[in-house]
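Presented below is the structure to which this report refers.
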Amino acid sequence: MSRPSYEDHGAADPTAVPAALGLGLLSVGGWLLTTTRPWHKPGNPLTLGLGWTVSGALLLSGLVLLARCVRTVHGTPDAPDAPEGAGNG
């Protein structure tokens, strides 16, 4: 019993690229936050604020992209609109 080849599975997943981008943004934002460690370094408040802002923006945007992909994949399928009063007795 052989499985069908990858090409026979149909169209590609439309959420794959945004999900990968979201994961990438999360990893870069987390890496930036842990490597720069703005809470350990005494420095210019502008530099610290910029570091927190950039890493927070990357983390937040990655989380939003992933949440949108999860909602797309696990959301309810769109049902066709029924006419008013149909099936109500």
Next on the checklist: Please verify whether G49 is open to solvent by 90 Å² or more (accessible area, probe 1.4 Å) and either out of contact with any helix residue (DSSP H, G or I) (no Cβ under 8 Å at 6 or more places or on another chain) or at pLDDT 70 or above (or both), treating the condition exactly as stated.
Outcome noted: no
Checklist entry - Condition test on G89, is it modelled with pLDDT of 70 or more and either surrounded by fewer than 14 Cβ atoms within 10 Å (Cβ to Cβ) or of a type in the set (G, A, S) (or both)? => result no
Checklist entry - From the set of residues in region 28-46 that are modelled with pLDDT under 80 and part of a helix (DSSP H, G or I), which is least open to solvent (accessible area, probe 1.4 Å)? => result T36
Checklist entry - Within region 58-66, can one find any residue that is more than 10 Å from the chain's Cα centre (by Cα), at pLDDT below 80, surrounded by 10 or more Cβ atoms within 10 Å (Cβ to Cβ) and in a helix (DSSP H, G or I)? => result no
Item to check | Pairs where the first residue, in region 18-37, is over 12 Å from L66 (Cα atoms) and the second is in a helix (DSSP H, G or I), C-beta under 6 Å, 6+ apart | outcome: V28/L58; G29/S55; G29/L58; G29/L59; L32/S55; L33/S55; T36/G51
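The values are calculated or read from the model by the stated rules, or taken from the named source; none is laboratory data. The model shown is predicted, which means the values in this text are computed figures rather than measured ones. When we count neighbours, we look across all protein chains shown, and the Cβ atoms used for this are built from the backbone with ideal geometry, even at glycine. We work out accessible area using only protein heavy atoms, side chains counted, and drop any ligands, DNA or RNA first. Shrake-Rupley method; radii C 1.70, N 1.55, O 1.52, S 1.80 Å.
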